[in-house]
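Structure first, commentary second.
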Amino acid sequence: MARHPMTGNEMSSEAESRLERHHYDVVIVGAGGAGLRAAIAAHEAGAHTAIVCKSLLGKAHTVMAEGGIAAAMGNRWPEDNWEVHFRDTMRGGKMLNNWRMAQLHAQEAPERVQELEDWGALFDRTEDGLISQRDFGGHKYARLAHVGDRTGLEMIRTLQQRAVALGIDVFMECTITDLLKAAGTDEEGPIAGAFGYWRETGRFVVFEAPSVILATGGIGKAYKVTSNSWEYTGDGHALALRAGASLINMEFVQFHPTGMVWPPSVKGLLVTESVRGDGGILKNSEGKRFMFDYIPEFFKAETADSEEEADRWYDDKKNNRRPPELLPRDEVARAINSEIKAGRGTPHGGIYLDIASRRDADFIRKRLPSMYHQFKELADVDITAEPMEIGPTCHYVMGGVEVDPDTEATSITGLYAVGECSGGMHGSNRLGGNSLSDLLVFGSRAGAAAAAYVSGLDVLPKADEHAVQAGERRAVAAFTGSGEGGENPYTIQHDLQQAMNDLVGIIRTSSELEESLSSIEALKERAKAMAVEGHRQYNPGWHLALDLRNMLLVSECIAKAALERQESRGGHTRDDFPGPDPEWGAKNLVLRLNAAGTGVDLTHQPLPVMPDDLKSYFEE
Amino acid sequence: MGYDLKMRIWRGDQSGGDLQDYTVEVSEGEVVLDAIHRLQATQSGDLAVRWNCKAGKCGSCSAEINGRPRLLCMTRLSDFDQTETITVTPMRAFPVIRDLVTDVSFNYEKARELPSFQPQPRDADGKRRMMQVDVERGQEFRKCIECFLCQDTCHVVRDHEDNKPAFAGPRFFLRYAELDMHPLDTHDRRALAQDAAGLGMCNITKCCTEVCPEGIRITDNAIIPMKERVVDRKFDPLVWLGSKIGVRNRDNDGRTDPRDPD
């Protein structure tokens, strides 16, 4: 196979003439935990599989996951089982989760974790030599398989090494900008491939494939204060919408309670929940352990109401209730936000997360090595000696592509979605640790389902060549379209992030959400006249211009759904509708691309009804 | 608080390039990557640089700062005098693609050459058992974020391009050591590390350990023990004697060389 003279990228024989083309059974967009696990499953099911990712292999955001993988293996607490995990997950999501996804997730996570060990993962151990499990918010038992506080790195490296060992083709630093539908079909027609460009060279590439699995992660880069990297621009969400699929639950955005607040350079950078799982507590500027003031009715029966009980829980879980610091993330983030707004914040506008006064230095360095390193190197703070200053940061989107729970198939034949870019599993709020297990369980299912779909096809759908040409024209528009006077994509991104942060943040209200929608419309207009300097070879300005198209569309989805849902639930808090409403609790908001293709339409849809035998888990 | 930082950044591609001068406003607590991002946003939108997590966890933003291999996101401006000019160049051991971005595919090719983990079967209850003390050696090596700074600094390839085919480099000696020390692995990779990966070419100058942003003791904990184990296998007189008088070398228990036909 020919190699590109400069980048060393492999090219097909057609590449030197004009357009590079590849043929696969299954193409996976994204190489985080979900994409890699899907690729392994598709390959093992016999499909000719490719992974296409925007960064180098092994750099996706899974690498940033710190705490662990939630799975009811019962290694620490034999009482733990899938039913308990299922119940915790549904309650954490305020019962808006797709019950079937939550069930499959809880049932299959233990085997998916043990599989990682077959492939070389080295988890921390219990005294008996089993995989150790740690405490996390919202989980009744210590349930998170972990490796210190770098579990995500262990997981992505294990999956990466497995994919390499299997010889799966990987197209690194390659961005998919459009999905290709079969020629001669309407909007409902099946998937026939994907179109994109090599970031290194700017050359276009076509993947002809009857099935595409979206595993592109989240949307965090639409917000100013975020734990997400440049890659998280809602690509999968937007690709699915434009291909005719639907999104659900987009109003639910998780703000992680503990992001760094100082120095400005690292504002938003994640501080793992394990700090609290391992004994850390939250204090305001008056030194008060304030979480006891914020225990909601819904969790009162299972949360400690005194510091003494909370502290006893770490050693005796049977006779004591959980500390309020380990409530689900939405509750903790709101509480922190209220304390800061009430003027009890730290000098840098956060609150204190203190483990130094609670655990000895050796324990902290052993259990939280990368937190120790991160604060030492980036903030000159020794977390074994002084408290951390932290505040909420945009971390995760619960909403995503609507999928069939068993196969992760979207409404478009041949198109699948997994991981953060899919929706339903986590309802209105995700529990910590349930993301890594989500990637494994549904990645595996999607890979197998996509391979099965392809093996049953007699005739492969042929990609629409007009769409390829349209994709090429659209991609270079920022170079040729506006020319003089066009706006810099960095400025538009900055203004979008500011608007989303200020108007569609943790606490929302009708007037601000309306304002956000008009801001987004104005930004869409400005983006039409965007101009990019330089040429197509590894040009970050151009890459951002292309990603912005997705970011704007997904931001509109979030704002529109947030304005529509007139209640507060999980990762959606309305100042003007402060409580949950059972009527709203029975439905999802669904978003589809509008007829003109310029924005999104919203509809209401009843939630799938849980069977009676599962309902019994929620009767006290 | 804020001040104007003088920077020199290598701009160019495979056909050539040079250092260009910039002045950019920076503020307290920032890192070199912040300064580069501000340059992108305000002066030079097409300045090419790799980055992802901006927290020292993904190993994307490797480059050379004042000639020293570093992560751009973990190098704080406060480490330099405010009047000092900071020079940023791409990693020297790899071909330039553009500006600060290099073609690191060498590393991905070497990763493909390495025989993967081959575990013993699971225990009867479907689980695996390993003791914490036994996994900790491997865990140190699995902290590796694949920034490839050790590969960049290793003079075996940095100054000798022709060594690349026969030399996997420190990052992969780490991987060999990790698998070799894995309590459940069944392969003996010592001969392979020596022959195919070029472990013998390393003369333990510890440059790799010095640049590792994760503080992994690559030379002391991975390379030297691997070298010793390779030597044991080859020359250890006790092993030789043992094999003559029928004493089993326990070092080979449960392991087979993946190159052996059976």
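Numbers for the structure displayed
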item: Complete set of residues in region A:378-402 that are within 14 Å of chain B (Cβ to nearest Cβ) and surrounded by fewer than 24 Cβ atoms within 10 Å (Cβ to Cβ); result: A:Leu378, A:Ala379, A:Asp380, A:Val381, A:Glu389
item: Restricting region A:129-163 to residues that are more than 22 Å from the chain's Cα centre (by Cα), assigned to a loop (DSSP other than H, G, I, E, B) and in contact (Cβ under 8 Å) with a residue 24 or more places away in the chain, the residue that is farthest from A:Lys317 (Cα to Cα); result: A:Leu130
item: Residue satisfying all of: in region A:573-615; β-branched (Val, Ile, Thr) and assigned to a strand (DSSP E or B); surrounded by the most Cβ atoms within 10 Å (Cβ to Cβ) among these; result: A:Thr573
item: Filter pass, A:Ile336 being in a helix (DSSP H, G or I), in contact (Cβ under 8 Å) with a residue 12 or more places away in the chain and more than 27 Å from the chain's Cα centre (by Cα); result: no
item: Unique residue being more than 12 Å from chain A (Cβ to nearest Cβ) and over 19 Å from the mean Cα position of the chain (by Cα) when the list is B:Asp195, B:Asp180; result: B:Asp195
item: Residue within region A:65-76 that is surrounded by fewer than 24 Cβ atoms within 10 Å (Cβ to Cβ) and modelled with pLDDT under 95 present; result: yes
item: Options A:Ser227, A:Ser285: the member that is of a type in the set (S, T, N, Q) and within 14 Å of chain B (Cβ to nearest Cβ); result: A:Ser227
item: Yes/no for A:Ala142 being more than 10 Å from chain B (Cβ to nearest Cβ), closer than 23 Å to A:Gly443 by Cβ and of a type in the set (Gly, Ala, Ser); result: no
item: Helices (runs of 4 or more DSSP H) lying entirely in region B:160-262 (those with 2 or more residues that are modelled with pLDDT of 95 or more); result: B:170-180, B:207-211
item: Extreme residue, surrounded by the fewest Cβ atoms within 10 Å (Cβ to Cβ), among residues of region B:158-174 that are more than 20 Å from B:Gly59 (Cα to Cα) and of a type outside the set (Phe, Trp, Tyr); result: B:Asp162
item: Elements of type strands (runs of 3 or more DSSP E) contained in region B:16-100, each with 2 or more residues being more than 10 Å from every other protein chain (Cβ to nearest Cβ) and farther than 22 Å from B:Leu149 by Cα; result: B:16-26
item: Condition check for A:Ala194: outside the structural domain of A:Phe363 (by TED's automatic domain parsing), part of a strand (DSSP E or B) and either free of Cβ contacts under 8 Å to residues at least 60 places away in the same chain or of a type in the set (A, V, I, L, M, F, W, C) (or both); result: yes
item: Long-range neighbours under 7 Å by Cβ, at least six apart or interchain, first residue within 15 Å of A:Arg150 (Cβ to Cβ) within region B:202-217, second not in a helix (DSSP H, G or I); result: B:Pro213/B:Gly56; B:Pro213/B:Leu71; B:Pro213/B:Cys147; B:Glu214/B:Lys143; B:Glu214/B:Cys144; B:Glu214/B:Ile145; B:Ile216/B:Lys143; B:Ile216/B:Cys144
item: Residues that are facing another protein chain (nearest Cβ under 7 Å), in a loop (DSSP other than H, G, I, E, B) and of a type in the set (D, E, K, R), drawn from region B:101-133; result: B:Asp103, B:Lys127, B:Arg128, B:Arg129
item: Residue match in region A:509-517 (condition: closer than 28 Å to A:Glu472 by Cα and surrounded by 21 or more Cβ atoms within 10 Å (Cβ to Cβ)); result: no
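The values are calculated or read from the model by the stated rules, or taken from the named source; none is laboratory data. No experiment lies behind these values; they were computed from the predicted model shown. Cβ sites come from the backbone with ideal geometry, for glycine too, and all protein chains shown count toward neighbours.
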